[in-house]
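Comments concern the structure below.
No value in this document is a laboratory result; all are computed from the given coordinates. Quick caveat, the model's predicted, so the values are computed rather than measured. When we count neighbours, we look across all protein chains shown, and the Cβ atoms used for this are built from the backbone with ideal geometry, even at glycine.
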């Protein structure tokens, strides 16, 4: 599946849905989405990854960027990650910097 | 008044518009411009990558770029002459996909070994400053031996989120070091690790390390190395033999990708940093075992990977005939006191300290770092001095293995500049001999217990100059020290000729494993004695991975080549030898609870307030009468007094009795000061759970005047 990134901001919560394969060739799209969320002063970032099939290091870099761009006061929720995507988050240790959940529940 | 122009909200975008980041040339279809000489290596700059490489003898240089994993280059871009300043070629290449690029260099120059030159334009060379290296991404995956560029420089991002982490700066005297191999620590199936053998798996074992009580993890080499270097097969068993330990560096700036669960994704840098961050969060420092004495290129028959092809005569110590001096025992010797090489060592350590938050370094065969370019020991080695006074390394631990394979032995005399500590080989040897009940060891043991003032006091170095150890990766494990009289290195395929022959070990009456309960009980007791001596001695204790749970290497004292259970830590031992684990844990807790065991000045220095007893007093079976004679195998000492720590004054009182004699003895006890009474913290003559007690739970000694101690046993009493 081709990569897709969509976002809506409701009551300060930026809901970003990621689909397909997030690799170096499309990481820039995701980065732009994060920048839009920051521009709208989102106070929470919810990344829906149910349909994300692959997360390359470039994608992880954007997550790191998101963490730093949004600031430590903005929690990041990674929702529905599974399989190799979840493994990548765990192996790199990024799962300790975000809330990994099956469905969005405010932490 | 003119208002200042506000800074751009997007500094990178602002820089992009700067004229010094605009391409000025087009070469091989790529937009480029002359680069920055410093820093060396590949550095991300706005819009591109700055490549910079040094060679004082090459006549030309070409940048070779690859798509990640591709066999043939994407492009080769010769550095124009105008892009060279001095001996440095530099170029910014724009529009590169940093995630997908690998790079190397071709160097042209003379092939004249007698003159020290071994240029070979057919080789693609690894950047000595490569921050990540591809090609050995997955541990043990057999390489393509025909690969023209087997070790590939990769670009890294320095965007890791450290949060508020920084090096812990635990005072030396507070450290309890645990020496471990990244892969061995969790590779055994019993580890239960999700990603066994990796940096990620170390994170999973942090609770174990905390329970044990250590506060410093010293990792055997993690700089990129090639486990297949000179790989061979054991002729008897057919078993593949590796360069498993990794004391043979390919790239000094790159973490070993094969130790990363994410190595195949090229994310070893992030994984490593996460490991450091998590260890720090749990109060555990990270020291790296670094190998600057030689490289993986070996002697004149070795592969051309990097330095040999970039500037052989600069990087290596060469004989007048152009062969390699071999003070490392590994074929070549890095020319560490050449100013160029000094800088790469310095740059490397600064990078790991600053970028990876590493707390300290242990230098393999560090005596080599004090040799001049022709191999002679320097009285004032500039590299060692530079490292000692470097601002970035200002709080890092610097620990020398103060000898080399060329016969230079500097334990006690390593040029320290007030900073360097040493692996104290004398501590290892003397303690082993004392525990073996050798005659004539009492005087030496007294020195080791005090932090070896005989070695370090003469020039004002305190006990923290001494890294005390009885075992390390090199040699027997603690279990094997009391299970084998001789080495059993047959599995190494060298006819048992390799490895140290003088181990100062004792098999307790049976060579190897036995079901004899008496022998096993004696071995357990001796292990406990060793741990006690280690943890009550002044100086910095270091425990070898698994010694706290009786890990054995089957008598192999040189297991460098085995990716097998010979090296892997069997976590089943935690239960099997739970008695030892509990004992080690309580001893570490004892040390933590008694500042008098962790002094940063030799106790004879007299900085204490006057008290009823001397800071240290020596005893034998009769109190106040130590037996220093040749035949004596008994010594006891009492630490007492009011001591000034960094931020407080405290009183402490400990009595330690060591009986290396083969008969039980009754020790008359000195009186503790004031109305204190002796309590038993440790008694290795007893079986668990009476062998040791948690702080605060030590039972009072019924007879305050004498103490029965079993044969080959030791005891620690605390006065409170």
(request) Could you give the spread of the C-alpha atoms of the stretch B:358-424 along their three principal axes, from largest to smallest, in whole angstroms? (result) 30, 22, 18
(message) Within the stretch B:420-436, name every residue whose backbone N is under 19 Å away from a label modeled 7 Å from Cα of residue B:454 along the Cβ vector.
(response) B:422-436
(request) Please report the base-10 log of the normalised intensity I(q)/I(0) for the protein assembly as shown, using a Debye sum with one equal scatterer per alpha carbon and no solvent, at each q in 0.08 (1/Å). (result) -0.76
(message) How shielded is B:264-276 by partner chains, expressed as the average number of their Cβ atoms within 10 Å of its Cβ atoms?
(response) 4
(message) Within 10 Å of each Cβ in A:55-63, how many Cβ atoms from other chains are there, averaged over the peptide?
(response) 4
(message) Residue by residue through B:473-483, how many Cβ atoms from other chains fall within 10 Å of the Cβ on average?
(response) 0
(request) Could you tell me the convex hull volume per residue, in Å³, taken over the Cα atoms of the stretch B:206-330? (result) 160
(request) Pop the C-beta distance of residue B:169 and residue B:372 into the FRET formula with R0 = 56 Å and round what comes out to the nearest 0.05. (result) 0.95
(request) At 7 Å along the Cα-to-beta-carbon direction for both residue B:385 and residue B:485, put a label point, then send me their distance in nm to one decimal. (result) 5.1
(request) Take every Cα-Cα pair in chain A and report what % of them are more than 15 Å apart. (result) 57
(request) Determine, from the Cβ-Cβ distance of residue B:18 and residue B:67 and an R0 of 30 Å, the FRET efficiency 1/(1 + (r/R0)^6), rounded to the nearest 0.05. (result) 0.55
(request) Could you check the simple spin-label distance between residue B:346 and residue A:41, using points 7 Å along Cα→Cβ, in nm with one decimal? (result) 4.9
(message) What is the ratio of the Cα radius of gyration of the stretch B:37-162 to 2.2 N^0.38 Å, with N the residue count, to two decimals?
(response) 1.09
(request) Arrange the peptides B:80-92, B:213-225 so that the one whose residues have, on average, the most other Cβ atoms within 10 Å appears first. (result) B:213-225, B:80-92
(request) Can you work out the PRE-style zone for residue B:516? Point 7 Å along Cα to Cβ, and I want the residues of the stretch B:481-498 with backbone N under 15 Å. (result) B:482-486
(request) Can you grab the distance from the C-alpha centre of the stretch B:427-449 to the C-alpha centre of the stretch B:543-577, Å, no decimals? (result) 25
(request) Calculate, for residue A:32 and residue B:355, the FRET efficiency according to 1/(1 + (r/R0)^6) with r their C-beta to C-beta distance and R0 45 Å; round to the nearest 0.05. (result) 0.95
(message) From the mean inverse distance of alpha carbon pairs (Kirkwood) and the Cα radius of gyration, derive Rg over Rh for the stretch B:454-536.
(response) 1.08
(message) Which residues does the label zone of residue B:145 cover in the stretch B:239-281, counting backbone N under 18 Å from a point 7 Å along Cα→Cβ?
(response) B:239-243
(message) From the C-alpha coordinates alone, can you work out the Kirkwood hydrodynamic radius of chain B, in Å?
(response) 27.3
(request) Determine the calculated [θ] at 222 nm for the protein assembly as shown from helices alone, applying -39500 (n - 2.57) to every DSSP H run no shorter than 4 residues and normalising by the residue count; nearest 500 deg cm²/dmol. (result) -6500 deg cm²/dmol
(message) Taking 0.36 nm per residue of sequence separation and subtracting the Cα-Cα distance, how much length would be gained by fully extending the chain between residue B:576 and residue B:299, in nm to one decimal?
(response) 95.2 nm
(request) May I ask you to order B:269-280, B:128-139 by the average number of other C-beta atoms within 10 Å around their residues, highest value first? (result) B:269-280, B:128-139
(request) With only alpha-carbon atoms counted, please give the Rg and Dmax of the stretch B:430-587, in Å. (result) 16.0, 50
(request) Return P(r) of the stretch B:359-515 (all Cα-Cα pairs; 10 Å bins starting at 0; whole %; ordered from short to long distances). (result) 10, 32, 32, 19, 6, 0
